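> Take a look at the following structure, please.
The values are calculated or read from the model by the stated rules, or taken from the named source; none is laboratory data. Keep in mind it's a predicted model, so treat the numbers as computed, not measured. Here the Cβ positions follow ideal geometry from the backbone for every residue, glycine too, while neighbour counts run over all protein chains shown.
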Amino acid sequence: MGCDGAFWLYDENDDEWKFHLVTPLIESMGSREIYLQLDKALARILSEPEFDDVAIYIVSPPDPLITSLRKKIRTLRSATVPQFVSVDLDGTPTDAVVYRLADIGATYDPSKNEQLFRKLSDEVAAA
């Protein structure tokens, strides 16, 4: 899927780490369709206990959280090495482990990435 960012963010209120994917696909597909495609694919490759524990938060690139995080860190679109950073979450400092947080859609073609995401997630679900 077209992914501008991937990171873990510690939520002190829930006392847990939450995994976030940042994608411009949210504008063309909508979050519900993205979650449906991801659930279908993940259900095929994870065991039931693993699947029950998976929580992925889909975020749009211009979301205020992402804008705030980008002020602290930016990576290449292909980055995968984790970097640790503190960020403000609703007025509370918290920790983030950032794998990727690229600039907004520098070389992004929404229609091609949406088609590719649907095709690949369907292939995983059918496997």
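> Select from the stretch 19-66 the residues that are of a type in the set (S, T, Y) and modelled with pLDDT of 85 or more and list them in ascending order.
Across the stretch 19-66, the qualifying residues are T23, S31, Y35, Y57, S60.
> For the subset of the stretch 63-104 comprising residues that are assigned to a helix (DSSP H, G or I) and crowded, with 16+ Cβ neighbours inside 10 Å, which member is nearest to the chain's Cα centre (by Cα)?
Looking at residues that are assigned to a helix (DSSP H, G or I) and crowded, with 16+ Cβ neighbours inside 10 Å, I get I66.
> For the stretch 75-124, how many residues meet the condition of being of a type in the set (S, T, Y), at pLDDT 75 or above and under 29 Å from I45 (Cα atoms)?
Residues in the stretch 75-124 being of a type in the set (S, T, Y), at pLDDT 75 or above and under 29 Å from I45 (Cα atoms): 4 in total.
> What are the residues in the stretch 28-62 that are exposed (fewer than 14 other Cβ atoms within 10 Å of the Cβ) and among the acidic types (D, E), if any?
Result: E48, E50, D52, D53.
> A further question on this structure: Just to verify a result, which residue in the stretch 4-25, among those that are among the hydrophobic types (A, V, I, L, M, F, W, C) and buried (at least 19 other Cβ atoms within 10 Å of the Cβ), is farthest from A102 (Cα to Cα)?
Result: L9.
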